[in-house]
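The values are calculated or read from the model by the stated rules, or taken from the named source; none is laboratory data. Predicted model only: the values in this text are computed from it and were never measured. Neighbour counts run over all protein chains shown; Cβ positions are idealised from the backbone, glycine included. Ligands, DNA and RNA are stripped out before the accessible areas are found, and what is left, the full protein with its side chains, is counted by its heavy atoms. Shrake-Rupley method; radii C 1.70, N 1.55, O 1.52, S 1.80 Å.
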Amino acid sequence: MPSICLYLHTHQPRRLRKFSVFDIGSHANYFDDHNNRQILERVAKKSYLPTNKMLLGLMRRSKGRFKVSMSITGILLEQLEAEFPEVLKSFKDLVDTGCCELVSETYYHSLASVGSAPEFSRQVQKQNAMMEKLFGYKPKFFRNTELVYNNDIAKEVSKMGFLGMLAEGWDEILGWRSPNFLYKAKDSSLRLLVRNYRLSDDIGFRFSNRDWKEWPLTSEKYTDWVNLLNIDGQSQTLNLFMDYETFGEHQWEETGIFKFFEAFCWRVLENPLNSFTTPTKLAKSLEPAGELDFHRLVSWADTERDLSAWLGNKMQQAALEKIYSLEEKIMATGDELLIDEWRKLQTSDHFYYMCTKWFSDGDVHKYFNPYESPYESFIAFMNVFSDLKMRVDKYSQSKIKVAS
Amino acid sequence: MVSAPLPKILMFGWEFPPYNSGGLGVACEGLVGGLARLGAPVTFVLPRKIDCRSGACRFLFSDDGHDGDKWNAVKEIAVNSPLSPYLTAAQYEEEYRVFAGKGVYHSVWRRDLVGEAMRYAGQAKTIAQKEDFDVIHCHDWLSLPAGLAAREATGKPLIFHVHAIEYDRVGDNCLNADIRAIEKEGFDKADAVAAVSRYTKQRIINCYQADAEKINVVPNAVDRSKFPPRAAHDLWNLKKNGKKVVLFVGRLTFQKGPDYFLAAAKRVACADDSIMFVFSGSGDMERWLIEEAARTGLADKVIFAGFLRGGDLHRLYQMADLYVMPSVSEPFGLTSLEALANGTPILISRQSGVSEMVSHCLKVDFWDVDQMAAKILAAARYPELRQVLQDNGLSEVDKFSWVESAKKCLGIYQKVLAA
């Protein structure tokens, strides 16, 4: 059995309130604080707290042999810090065991990597500062929003001083190669770990699907699959990357997800030769098996593994373009609050809510989407944007007055 | 597909294009066309002789062979005739108010709608006895007495197809008791009911305590191949001046909510004076609307285009930046599909059948004038919103097909014939 590299990601956006055209110019609060708090409370109760309890238990009872890596967006951490300190503490407890590697990302879970390179770098710095502040931790690995990755992004991330990065193990890029090895980025020393999407999605997506031919998935069956990885060769690592919310939210507790996962981990740990590992440990102990050329943007989303869920239609493209068109002016104000609100609008979830790809099939796009339709979402976003732009414009005007 | 021979259908309608005053005739034409594509033979009966052409069915007119009869005089009735199915019955009752329920089927022409429906029923019996058919299919209350009479005369099963109920037309407070009674009889006696939406099905259950098991949803459709291609309509001077056009198409009457549209227009005009509002249609509220528009200072923002059809109507749809259907209660809402098929984004009332079937649109509660105005302004303001609504709307409207609706009807026929 290869080492298992388990990575969990968590994030909650600041959803916008239904900001009407008539609110433009009012400079009223953009965010639906009440709804955001309620959703976070629910997710914390159903997912974060029980998951952290499970993970901590595994670490303690295995005497540190169970390891996990995770990333938590700054925008979520600041909400936890302000409103749910006990949940933040449960994350800190995990980090304090020393069995938990924190992976960096953009503070705002944004698409800055495709919107603006300087802004991308600033948001990563901000996330690193948050890691340092809350956990006393300096991340060495990076994951981009939704695992969005290509060769250019790798170069940016390498410049920021990271040892390695996580990406999607998409067949189109890997070709004949297996996702179960350490790789490096093209023309760069940046180490790459790519997601084994089949085995990750068996847990993340399919676990409770009764139409799936493997349902119900037992820990015995899943352990057998993992063991098979060693039959045809020497898989080095099994990269299981998934959402934190897999546990308790995407898959409810009633589906048996917690029991299944705990049992699987114990099956792995039963054999003293098996191990759990983390990205930095892998990158330091292994030589890259080769170089991966991501000539196009790849994400971990949908069957297309591209950015079409965020930038697939003209509303999404216009919204993204508009938000980054404000960059220069807004940075020039130096107004922390204004800049923070502008950044909260960059959170990818806003663009995701505008996705029309599967909308007519009745598949309202994903969890906690506060909108009735992608069109409503675009309207609210653009109304907020228009209001923000007025504030920025006012700023520049008053500055001009002061200067003259 | 069905291997057994298809049932022969005797269909009772009230109007048929080009002699239609609204969606009922259009829907009948569409459905008959769909049935013809499936090879189902339809004999379509109309109360009055008109010059209709359709390759899809054979026409019969209940007034045929009665030359010299008084009621034959109505055979060339034009669209705005007093016998339009969309004028409320109340307006005629000053003259005659004799209907006393079932059993008054006599062939004396009367100028009230209920009486005319009964006159039609009297003829229907004779027609049914002469014709060879397997099932009876009637549309709305006006042809329901005819359908019931045909059923009584032959014992053949009856499908009552509901495009609107009296509660939609006049609201809860001005119900015509006779019409409600006719509809109630239909829900009780018909072997099956076809409703144009789940919304309508639910209202039938709620308002008439009808048996839910009996009611099948058969949505309307549009045939986009019959629509003219979208052309550049830069001809309109208004558009040249950078004005945006927001369109209302429908009867200017309570059910269609033109007053809510006007109230929203008022809100919009305060925020943006480059938006024009066009009403196409006529009806009992027309005068009031014109006066109200003038009173509230909207005279130069609102255009009353009158009742349009065919190419004129298509051009109007295509010229509009947004189509609004603010109906108070809309069983289906065919005009919104027509707008979509013309590439025009739509904002529709949630109190409508289409709102449960179309996702690529904006929606609003008809009474929420602020939201209606806010969404009109957003559509005017954000071109990408209109663009994506248009692109996706055009492909979504192709989901609607008269052949699919006709297949649903065939399913109903087979079910009642097997019963």
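Before moving on, here are some points about what is shown:
- Antiparallel DSSP beta bridges within chain A, percent to nearest 5: 15
- Cα Rg over Rh - chain B, Kirkwood: 0.97
- Within the accessible area of region A:175-310 (1.4 Å probe), percent carbon and sulfur: 52
- Summed over both chains, the accessible area lost when A and B associate is about 1900 Å², using a 1.4 Å probe.
- In terms of its Cα atoms, region B:123-214 spans 41, 26, 17 Å along the principal axes, sorted from long to short.
- GNM remark for chain B: springs join alpha carbons under 10 Å apart, and the peak mean-square fluctuation among B:Leu252, B:Leu377, B:Leu158 falls on B:Leu377.
- Size descriptors for region A:241-358 (Cα atoms only): Rg and Dmax, in that order, 20.9, 59 Å.
- For residues of A:374-384, the mean tally of beta carbons on other chains within 10 Å: 5
- Whole-angstrom Cα spans of region B:158-275 along principal axes, big to small: 58, 38, 20
- Alpha-carbon Rg/Rh ratio, for region A:38-127, with Rh computed the Kirkwood way: 1.04
- Rg/Rg_globular for region B:318-419, with Rg_globular taken as 2.2 N^0.38 Å and Rg from C-alpha atoms: 1.25
- Taking only Cα atoms of region A:88-161, radius of gyration then Dmax in Å: 12.8, 37
- Rounded to 5, percent antiparallel among DSSP beta bridges of the protein assembly as shown: 10
- Using only side-chain charges placed at the Cβ, +1 for Lys and Arg and -1 for Asp and Glu, the dipole size of the protein assembly as shown relative to its Cα centre rounds to 960 debye.
- Relative to its Kirkwood radius, the Cα radius of gyration of region A:1-88 gives an Rg/Rh of 1.15.
- Listed residues B:Phe133, B:Phe16, B:Phe248, most fluctuating in chain B (Gaussian network, C-alpha, under 10 Å): B:Phe133
- Working value for region A:117-205: equivalent-ellipsoid semi-axes of 24, 16, 11 Å, each the square root of 5 times a Cα gyration tensor eigenvalue, largest first.
- For region A:1-133, the carbon plus sulfur part of the accessible surface works out to 50%, probe radius 1.4 Å.
- Of A:Lys138/A:Lys159; A:Lys322/B:Lys240; A:Lys53/A:Lys344; A:Lys159/A:Lys186, those spanning more than 21 Å from alpha-carbon to alpha-carbon: A:Lys322/B:Lys240; A:Lys53/A:Lys344
- Equivalent ellipsoid of region A:160-258: semi-axes from √(5λ) of the C-alpha gyration tensor, largest first, are 28, 17, 11 Å.
- Percent of Cα pairs exceeding the 33 Å cut-off, where the set is chain A: 32
- Of B:Gly30, B:Gly39, B:Gly115, the one that fluctuates the most in a GNM where chain B has Cα springs shorter than 10 Å: B:Gly39
- Whether region A:219-289 is rounded, prolate or oblate, judged on the alpha carbon gyration tensor where a/c under 1.5 counts as rounded: prolate
- Convex hull of Cα atoms in region B:289-346, direction-averaged projection (nm²): 4.8
- Note on the protein assembly as shown: the C-alpha convex hull projects to 41.8 nm² when averaged across all orientations.
- Stokes-Einstein diffusion of region A:1-156 at 10 °C, 1.306 mPa s viscosity, Kirkwood radius from Cα pairs, rounded to a whole number: 93 µm²/s.
- Solvent-free Debye scattering, log10 I(q)/I(0), computed from the Cα coordinates of region A:149-196 at q = 0.21 Å⁻¹: -0.66
- Averaged per residue, the protein assembly as shown has 40 square angstrom of accessible surface, using a 1.4 angstrom probe with ligands and nucleic acids left out.
- Here's the list of lysines a cross-link from B:Lys189 could span, going by alpha-carbon distance under 24 Å and ignoring same-chain residues fewer than 8 apart: B:Lys8, B:Lys102, B:Lys125, B:Lys130, B:Lys156, B:Lys201, B:Lys214, B:Lys407, B:Lys408, B:Lys415.
- Fully extending the segment from B:Asn206 to B:Arg180, taken as 0.36 nm per residue of separation minus the present Cα-Cα distance, adds 8.0 nm.
- On the basis of the beta-carbon distance and an R0 of 60 Å, A:Trp252 and B:Lys8 show a calculated FRET efficiency of 0.65.
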